[in-house]
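Below is one structure; the comments refer to it alone.
The values are calculated or read from the model by the stated rules, or taken from the named source; none is laboratory data. Because the structure is predicted, anything quoted here is derived from the model rather than measured. Here the Cβ positions follow ideal geometry from the backbone for every residue, glycine too, while neighbour counts run over all protein chains shown. Accessible surface areas use protein heavy atoms only, side chains included; no ligands, DNA or RNA. Shrake-Rupley method; radii C 1.70, N 1.55, O 1.52, S 1.80 Å.
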Amino acid sequence: MLVSNNTYVAPQYFILNGIPGLERVHVWISLPLCTMYIISLVGNLGLVYLIYYEESLHRPMYFFLAMLSLIDLLTCTTTLPKALCIFWFNLKEVNFQACLVQMFFVHGFTGVESGVLMLMALDRYVAICYPLRYAAILTNPIIVKAGLATFLRGVLLMMPLPFLVKRLPFCRSNIISHTYCDHMSVVKLSCASIKVNIIYGLMVALLIGVFDICCISLSYTMILRAVVSLSSSDARQKAFSTCTAHISAIIITYVPALFTLFTHRFGGHTIPPSIHIIVANLYLLLPPTLNPIVYGVKTKQIRDSVIKFLQEGRKGSSNQFKLESNLCVHAFLIVGSSGNGS
């Protein structure tokens, strides 16, 4: 906002415009997004509860999976409720400070998610390449420290982003063509040089994304070498099956993320904004929606635990029904006997 010839102040609020060019079908677009959000809530909360409830899942691989589920929940909850308010109620205004907070959480949680995927790859590497030392290497204190370090890395690296945006003068439009406050979408509204923001954003992408992808690639290269050297075909098949779910999660997470990253910086004039924004929303919604399904289908221990949990629930319901029936019969007999006595 322009105050004088040389003085600018930050706007009091931004207007999130949703998906430009598709305003007439916002309601229809919101239906699959809302469905995915509900599936992600149920799936991830159910997965975290199952890992907590079932003692056979108290292992490093599933502890990391619980971390991933919690981060996925926080990531999509940071953005989707506001997007649904835009699509359903046309509530497009967002306070400037609230926009910065949302931006910090979105990028911070996605950075932590990348780190957890890296930890899960290292977990599979230790499990397959050093099976006899697996329990000794990945102890509970090590898991807690690794998770805390991953969380702090994501938070500390993303913490400068709101301050870098806050220092910028905004003298142009306050309309953001997006459903949430993305870093690049916000800084493009500034009338000053945004080189520092671009350089820092790329630096963070290198420190988090590229580093994690390199670690994941190295881990699976070592895993592949170890699996190929196994003499038993059954052992090879089992080793490959334990990694299938994690590889699927990596693809689901990184492919939309890389598309969003590169189109923001290099493909802004060739790709329609609506496509970019839809992919950006799917980037935050696909992993939380599909990860519980993928791990539930591909991981035998989780499938068995779900079946066991459901069977115990049915057995408990049956026992409760029998108890209530017996109480009703006893009550009927008592009333009948008292009636005969009178």
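Key figures
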{"quantity": "Positions within the range 75-98 being over 23 Å from the mean Cα position of the chain (by Cα) and part of a helix (DSSP H, G or I), in sequence order", "calculated": "Trp88, Phe89, Phe96, Gln97"}
{"quantity": "Residues within the range 78-97 that are in contact (Cβ under 8 Å) with a residue 12 or more places away in the chain and not hydrophobic (A, V, I, L, M, F, W, C), tallied", "calculated": "6"}
{"quantity": "Single unsatisfied condition, Leu68 versus (1) open to solvent by 70 Å² or more (accessible area, probe 1.4 Å); (2) assigned to a helix (DSSP H, G or I)", "calculated": "(1)"}
{"quantity": "Of residues in the range 152-175 being out of contact with any Lys or Arg (no Cβ under 9 Å at 6 or more places or on another chain) and β-branched (Val, Ile, Thr), the one least open to solvent (accessible area, probe 1.4 Å)", "calculated": "Val165"}
{"quantity": "Residues satisfying the stated conditions in the range 204-255, i.e. acidic (Asp, Glu) and under 30 Å from Ser40 (Cβ atoms)", "calculated": "Asp212"}
{"quantity": "Hits in the range 92-143 - residues which are acidic (Asp, Glu), over 30 Å from Asn17 (Cβ atoms) and surrounded by fewer than 20 Cβ atoms within 10 Å (Cβ to Cβ)", "calculated": "none"}
{"quantity": "Residue check, Thr299 under 20 Å from Val112 (Cβ atoms), surrounded by 20 or more Cβ atoms within 10 Å (Cβ to Cβ) and either more than 16 Å from the chain's Cα centre (by Cα) or not acidic (Asp, Glu) (or both)", "calculated": "no"}
{"quantity": "Given (1) under 27 Å from Thr260 (Cβ atoms); (2) out of contact with any Asp or Glu (no Cβ under 7 Å at 6 or more places or on another chain); (3) not small (Gly, Ala, Ser), index of the condition Leu117 fails", "calculated": "(2)"}
{"quantity": "Criterion violated by Leu31 - all others in (1) under 30 Å from Lys166 (Cβ atoms); (2) modelled with pLDDT of 90 or more; (3) open to solvent by 70 Å² or more (accessible area, probe 1.4 Å) satisfied", "calculated": "(1)"}
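So that you can scan it fast, the table gives a plain yes or no per residue for (1) open to solvent by 70 Å² or more (accessible area, probe 1.4 Å); (2) touching a residue at least 12 places away in the same chain (Cβ under 8 Å):
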position	(1), (2)
Ser190	no, yes
Val196	yes, yes
Val204	no, yes
Ile213	no, yes
Leu224	yes, no
Cys243	no, yes
Tyr254	no, yes
